[in-house]
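Peer 1: Take a look at the following structure, please.
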Amino acid sequence: MKLHEYQSKALLRQYGIPVPESEVADSTEAAEVAAAGLAEKGYTRFAVKAQVHAGGRGKGGGIKLADSPSEAGELAGAMLGTQLVTPQTGPEGVLVRKVLIEGGVDIADELYLGITIDRSKKRPVIIASTEGGVEIEEVAANKPDKIHNEWITPGRGLETFEAAGVAYALGLEGKTHRAGTAVIKKLAEMFVGLSASLAEINPLIVTGDGQVVALDAKINIDDNVLFRRPDLEAMRDPSEEDELEIAAAEHSLSYISLDGTVGCMVNGAGLAMATMDEILLAGGTPANFLDVGGGASVERVAAAFRILMRAPRLNSVLINIFGGIVRGDRVAKGIIEALPTLEVDIPVTVRLQGTKAEEGRKLLQESSLEFIVAETLDEAARKAVEAGK
C-alpha cells in the first residue's frame, strides 16, 4: 500500500525525524490559508506539491514554488483537478485531488536515504547516496560508486555505529553527522515498526545551519500487515489505485492490470508468470496477472471472469490451471457453471494439467460451451493469441 507524501511525513514526525512544516489542502482557498499560517511563523517561500502516488512530480509540473500566500493559492488552484503526467504515470496521468503547502527551507546539500527489502539477503537494506534529488535508479545506472549499502540484521536492528557509518558515507561531519546518524537510526526503527516495504527520503537535505531534514518522503506498507494495523489501513487512498485490482482484492484474488490483449486466469504466481512469458513468446501481450490461488470454485472463477472482462483491450482469455491440490475435473465444472452467468463474447482457451486433468478436458469438450482446449502451455498460449486475432 502506497502512502501520500503528507501521510509519510506524518509518520516521520511520529518517529522524531525532522520534516518541514506543512499542511494539506484540497482547494485554492484552503491552500492560501495554509500558506498564510506558515507566513505567520516566519516563512517567506512556499512549496506547492501535488499529492499523487507517482514519482517525478517536479518533472511533470507537480511541484511549484511561491513567494506569497496568494501565489501559493493560485498555483494550487491551477494544479488541483488536473491530470498530472510524470515519467511514472504514463501519458494518461493521474488526477490531482490534494496538494501539500510546505514552508520553504534553506538547502545547503541534497542527499538520498532509503530502506527496502533485499530479498537475496532476506533482510532490510539501507541505500544512501550523496546524489540526492535524483531518482536512485538513475544513480545506480550512471554513478554506481555513489551508492552505499548497509544491511539491517533482523532481531537486532541497526546499531549506532552502523548508522554512523552510513552518515560518514553521506559526507556528514560534526553536529550534522550526529543529526544524520539519529535520522538514519529512526528511519530504520520506523521501517521495521511499520512493516514497510519501502521508506525513502529523497532528498534528505542539510540546511544552512547544519540541520538534517526530510524534504520529501515516500513510504510503502506491506499489505499483509494491514489486518493488524487498522491505523495504517485507514491511510489507504482507493482513488489512487487500479479499480480492477481493488475489485480483485475483495475476492482474495491476486490481480495486476497490464496493457495487453490476452486475459490470464491461472492458479499459482509462478505459473502465472510463466503463462505471461509464453503469451509474449507466441506474439501476444498479457492483459493482466491473475492468480486465483489453490481453489477454483464457481464463485472465484465467476469473480475472476467479471474482472478479466473489464480489461479495456481484451480480445482473448487463457485459463491455465495445474491440478495439484485442486482437481482438474472440479476446475472444469467450475468454469462450465460460471461462464453462463457472464457475458463472455471472446474466445476462451483452457489448459488443464495435473490431477484429473484428462477428465477435466473431457468435460470441457463435451459441454455446450465453445472452449478451445489445449494440453501444453506452449500450445495454449499459441491458440489463445491466434484466437484473439
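Peer 1: Of the numbered conditions (1) touching a His at 6+ places or on another chain (Cβ under 7 Å); (2) at pLDDT below 95, Val134 fails exactly one; give the number of that condition.
Peer 2: (1)
Peer 1: Please indicate, with yes or no, whether at least one residue in segment 228-250 is over 17 Å from the mean Cα position of the chain (by Cα), assigned to a loop (DSSP other than H, G, I, E, B) and in contact (Cβ under 8 Å) with a residue 40 or more places away in the chain.
Peer 2: No, the conditions are met nowhere in segment 228-250.
Peer 1: Can I ask one more? Under 7 Å between Cβ atoms, at least 6 apart or on separate chains: pull out the pairs that start in segment 363-375 with a residue that is more than 15 Å from Ile321 (Cα to Cα) and end on any residue that is β-branched (Val, Ile, Thr).
Peer 2: Short answer, once both residue conditions are applied: Gln365/Val373; Ser367/Ile336; Leu369/Ile336.
Peer 1: How many residues are modelled with pLDDT under 95, surrounded by 17 or more Cβ atoms within 10 Å (Cβ to Cβ) and under 29 Å from Ala179 (Cβ atoms) if we restrict to segment 65-121?
Peer 2: Adding up the residues that qualify gives 1.
Peer 1: Mind listing just one residue for me: the one in segment 141-195 that is assigned to a helix (DSSP H, G or I) and polar (S, T, N, Q) and, of those, surrounded by the most Cβ atoms within 10 Å (Cβ to Cβ)?
Peer 2: Thr181
Peer 1: Does Ser129 fit the bill of being without any contact (Cβ under 8 Å) to a residue 60 or more places away in the chain, touching a strand residue (DSSP E or B) at 6+ places or on another chain (Cβ under 6 Å), assigned by TED's automatic domain parsing to the domain that holds Arg229 and among the hydroxyl-bearing types (Ser, Thr, Tyr)?
Peer 2: For Ser129, the condition - without any contact (Cβ under 8 Å) to a residue 60 or more places away in the chain, touching a strand residue (DSSP E or B) at 6+ places or on another chain (Cβ under 6 Å), assigned by TED's automatic domain parsing to the domain that holds Arg229 and among the hydroxyl-bearing types (Ser, Thr, Tyr) - is met.
Peer 1: Which one of the conditions (1) in contact (Cβ under 8 Å) with a residue 40 or more places away in the chain; (2) closer than 22 Å to Ser257 by Cα; (3) crowded, with 20+ Cβ neighbours inside 10 Å; (4) not small (Gly, Ala, Ser) does Arg300 fail to meet, given that it meets all the rest?
Peer 2: Looking at each condition in turn, Arg300 falls short on (3).
Conditions (1) over 18 Å from Ser129 (Cα atoms); (2) surrounded by 18 or more Cβ atoms within 10 Å (Cβ to Cβ); (3) among the acidic types (Asp, Glu), marked per residue:
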{"residue": "Ile201", "(1), (2), (3)": "no, yes, no"}
{"residue": "Ile205", "(1), (2), (3)": "no, yes, no"}
{"residue": "Ala217", "(1), (2), (3)": "no, yes, no"}
{"residue": "Ile221", "(1), (2), (3)": "yes, yes, no"}
{"residue": "Arg228", "(1), (2), (3)": "yes, no, no"}
{"residue": "Ala249", "(1), (2), (3)": "yes, no, no"}
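Peer 1: Separate question: From the list Gly77, Gly61, Gly55, Gly37, exactly one residue is outside the structural domain of Glu200 (by TED's automatic domain parsing), under 17 Å from Lys9 (Cβ atoms) and either part of a strand (DSSP E or B) or within 30 Å of the chain's Cα centre (by Cα) (or both). Which is it?
Peer 2: That would be Gly55, the only listed residue that is outside the structural domain of Glu200 (by TED's automatic domain parsing), under 17 Å from Lys9 (Cβ atoms) and either part of a strand (DSSP E or B) or within 30 Å of the chain's Cα centre (by Cα) (or both).
Peer 1: Among the residues of segment 188-198, are any among the polar types (S, T, N, Q), assigned by TED's automatic domain parsing to the domain that holds Thr116 and closer than 25 Å to Pro20 by Cα?
Peer 2: Taking every residue of segment 188-198 in turn, at least one turns out to be among the polar types (S, T, N, Q), assigned by TED's automatic domain parsing to the domain that holds Thr116 and closer than 25 Å to Pro20 by Cα.
Peer 1: Now for a different question. Within segment 332-348, can one find any residue that is modelled with pLDDT of 85 or more and farther than 18 Å from Ala282 by Cβ?
Peer 2: no
Peer 1: Identify all residues within segment 19-34 that are farther than 30 Å from Gly180 by Cα and not in a loop (DSSP other than H, G, I, E, B); write none if there are none.
Peer 2: Residues satisfying the conditions are Ala25, Thr28, Glu29, Ala30, Ala31, Glu32, Val33.
Peer 1: Just name the residue that is farthest from the chain's Cα centre (by Cα) out of those in segment 267-297 that are at pLDDT below 90, surrounded by 21 or more Cβ atoms within 10 Å (Cβ to Cβ) and among the aliphatic types (A, V, I, L, M).
Peer 2: Ala296
Peer 1: Hey, does segment 81-101 have a residue that's touching a residue at least 24 places away in the same chain (Cβ under 8 Å) and more than 23 Å from the chain's Cα centre (by Cα)?
Peer 2: yes
Peer 1: Quickly run through segment 363-386 and pick out the residues that are surrounded by 15 or more Cβ atoms within 10 Å (Cβ to Cβ) and over 11 Å from Ile336 (Cβ atoms).
Peer 2: Of everything in segment 363-386, those that are surrounded by 15 or more Cβ atoms within 10 Å (Cβ to Cβ) and over 11 Å from Ile336 (Cβ atoms) turn out to be Ile372, Val373, Ala374, Leu377, Glu379, Ala380, Ala381, Arg382, Lys383, Ala384, Val385, Glu386.
Peer 1: Next question. Among the candidates Leu3, Leu12, which residue alone is surrounded by fewer than 23 Cβ atoms within 10 Å (Cβ to Cβ), under 28 Å from Ile184 (Cβ atoms) and either within 29 Å of the chain's Cα centre (by Cα) or not hydrophobic (A, V, I, L, M, F, W, C) (or both)?
Peer 2: Leu12
The values are calculated or read from the model by the stated rules, or taken from the named source; none is laboratory data. Because the structure is a prediction, the values reported are computed rather than measured. Quick reminder, even Gly has a Cβ in these numbers, built from the backbone with ideal geometry, and neighbours come from all protein chains shown.
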